[in-house]
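Working notes, structure below.
The values are calculated or read from the model by the stated rules, or taken from the named source; none is laboratory data. On a predicted model such as this, the values are computed, not experimentally measured, just so you know. A quick note on method: Cβ atoms are made from the backbone with ideal geometry, for glycine too, and the neighbour counts reach across all protein chains shown.
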């Protein structure tokens, strides 16, 4: 099956919004074993959208559209699909009832303009949207499939995961296509090149399954993919290669697939019956934000202090004035005192701290922009790590938060 993605919206062409939908869809299609040949972006112009769809219809078996399903006059995807198919748009009661139900759930009145979102071409099927007001559109015709999804990433991903992926999987199975099955092994505490050196022979000898390294901010991963007609056989191949990777890199592996550091940390805290508290300065609450993104984190996360000023570091966390005077706020001594102080303040078994210079100003030759000290304090254990990040202010803050969580995960495992 050959696919094409068409992303619709003038804001994408102007660079006002980053197109994350195309990247998400491309990765999902690869996971299904569907070949993506083209990705196209077109503005909110009916004539140009129709031309793009006609071109894609001629060269692809699967068209996935993103955007243009909103209630305003510049949302033209429905009209463009109807023109492509040579059909009229007609109201669908099921779609309208879904829209009304969503507004009721949000305790908001529904504008009449939203009735546009319930218009569908005659051959179009309504795909429910549990995440917003725009129902998605599914068309099967002339051996092709067209799927139109809302442009809001949260809604697009939700509908894809809830409905579209399964529908496409059934079509692929009926056509006798081989299945692609993948596992992502996630690691921290090792760089991409060092990781690759440990498994270079496995990469060189790969056939089925394949193995590929990837690098992200503050972590690396290996993706193992098997291809076959039976999913259980794919998993057998993946499990065998995973064990070889674990034998070499097990000390760095924190999780798999959808795992992230915060979920891995939560598991370790639960296993020990320990509670966590955070003392953040340069990260401005980013570590707390990530920890509390995990459902049920209230079981082990007590809270934190965003101690940006020296006064708060002293008054709330108990950092000695002499420590700040002698070593400064950005120092290993202060990071250690902050981690210990948040434990004393909250009674938590685990304290994690971050203090640094996010930039762009405030750096010196001795303490440059991007310098961060991270501290962790556990029963009978204390450690401080020094890191320097050469990014902008936001990048430095996000990198420091990632490094802090990585340090915490490593400490909890030791």
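Select, from 203, 238, 211, 190, the only residue that is part of a loop (DSSP other than H, G, I, E, B), touching a strand residue (DSSP E or B) at 6+ places or on another chain (Cβ under 8 Å) and surrounded by 12 or more Cβ atoms within 10 Å (Cβ to Cβ).
Within the list 203, 238, 211, 190, the selection yields 190.
Have a look at 305, 376, 369, 384 and point out the one that is without any contact (Cβ under 8 Å) to a residue 40 or more places away in the chain and either under 30 Å from residue 273 (Cα atoms) or assigned to a helix (DSSP H, G or I) (or both).
When all the criteria are applied, what remains is 376.
Residue by residue, here is whether (1) modelled with pLDDT under 95; (2) touching a strand residue (DSSP E or B) at 6+ places or on another chain (Cβ under 6 Å); (3) surrounded by fewer than 15 Cβ atoms within 10 Å (Cβ to Cβ); (4) within 27 Å of residue 186 (Cβ to Cβ) holds:
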{"position": "301", "(1), (2), (3), (4)": "no, yes, no, yes"}
{"position": "312", "(1), (2), (3), (4)": "no, no, no, no"}
{"position": "339", "(1), (2), (3), (4)": "no, yes, no, yes"}
{"position": "344", "(1), (2), (3), (4)": "no, no, yes, no"}
{"position": "376", "(1), (2), (3), (4)": "no, yes, no, yes"}
{"position": "392", "(1), (2), (3), (4)": "no, no, yes, yes"}
{"position": "414", "(1), (2), (3), (4)": "yes, no, yes, yes"}
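Please verify whether the range 394-410 includes one or more residues that are part of a loop (DSSP other than H, G, I, E, B) and either modelled with pLDDT of 95 or more or in contact with a strand residue (DSSP E or B) (Cβ under 6 Å, 6 or more places away or on another chain) (or both).
Scanning the range 394-410 turns up no residue that is part of a loop (DSSP other than H, G, I, E, B) and either modelled with pLDDT of 95 or more or in contact with a strand residue (DSSP E or B) (Cβ under 6 Å, 6 or more places away or on another chain) (or both).
Taking the condition modelled with pLDDT of 95 or more, assigned to a helix (DSSP H, G or I), within 26 Å of the chain's Cα centre (by Cα) and farther than 29 Å from residue 392 by Cβ, does residue 269 pass?
yes
Going by the conditions given, is residue 52 in a helix (DSSP H, G or I) and more than 21 Å from residue 2 (Cα to Cα)?
no
Just checking, which of 352, 317 is in a strand (DSSP E or B), surrounded by 16 or more Cβ atoms within 10 Å (Cβ to Cβ) and modelled with pLDDT of 95 or more?
Every option except 352 fails the conditions.
Scan the range 1-27 for residues that are part of a helix (DSSP H, G or I) and modelled with pLDDT under 95 and jot them down.
Within the range 1-27, just 27 meets the criteria.
Can you tell me which of (1) within 15 Å of residue 407 (Cα to Cα); (2) surrounded by 15 or more Cβ atoms within 10 Å (Cβ to Cβ); (3) within 24 Å of the chain's Cα centre (by Cα) is the one residue 294 doesn't meet?
Here residue 294 meets the rest and fails (1).
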